[in-house]
Amino acid sequence: GYTHNAIEIEAPEKITLKMGQDYTIETPRVLFNGEPVEAKMSYFAKQHIVTTNVVTSYFKVNDNNTLTPTKVGESMFRITAYYNDEVRTVLVPVTVVA
């Protein structure tokens, strides 16, 4: 039989940021076949195109996995894990409040 080897990312369900307060995301646990593994990670703010030529981001992601709010609104935080030629991405809703 064929077995699908899936990786899973244990990420927060949602993140709420306050203007003026940075948030450091803990490196999520990554599981391969249910066992914890050291995976390569990448983090991105999902940006929203508001008009044809303006891209808005509600927060930025710094090198040390710190999220810095830039404006009030709803957005998404994308976490991607790479392990053994497997790739898994999760989107975490982010709310920035005043």
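The values are calculated or read from the model by the stated rules, or taken from the named source; none is laboratory data. Treat the numbers as computed from the prediction; the structure is a model and nothing was measured. Please note: Cβ atoms are built from the backbone with ideal geometry, for glycine as well, and neighbour counts cover all protein chains shown. What goes into the accessible areas is simple: the full protein's heavy atoms, side chains included, and nothing from ligands, DNA or RNA. Shrake-Rupley method; radii C 1.70, N 1.55, O 1.52, S 1.80 Å.
Filtering region 28-41 to residues that are without any contact (Cβ under 8 Å) to a residue 40 or more places away in the chain and either touching a His at 6+ places or on another chain (Cβ under 9 Å) or in a strand (DSSP E or B) (or both) leaves ARG29, LEU31, GLU35, PRO36.
With respect to the conditions (1) on the phi > 0 side of the Ramachandran plot; (2) open to solvent by less than 30 Å² (accessible area, probe 1.4 Å), THR66 lacks only one, and its number is (1). Exactly one residue out of VAL37, VAL96 is at pLDDT 90 or above, among the hydrophobic types (A, V, I, L, M, F, W, C) and over 27 Å from GLU8 (Cβ atoms), and it is VAL96. Against the conditions (1) under 16 Å from ALA6 (Cα atoms); (2) out of contact with any Phe, Trp or Tyr (no Cβ under 7 Å at 6 or more places or on another chain); (3) of a type outside the set (A, V, I, L, M), ASN84 satisfies every one except (2). Taking region 16-27 as the search range and keeping residues that are of a type outside the set (S, T, N, Q), under 18 Å from the mean Cα position of the chain (by Cα) and not in a strand (DSSP E or B), which one is surrounded by the most Cβ atoms within 10 Å (Cβ to Cβ)? Result: ILE25.
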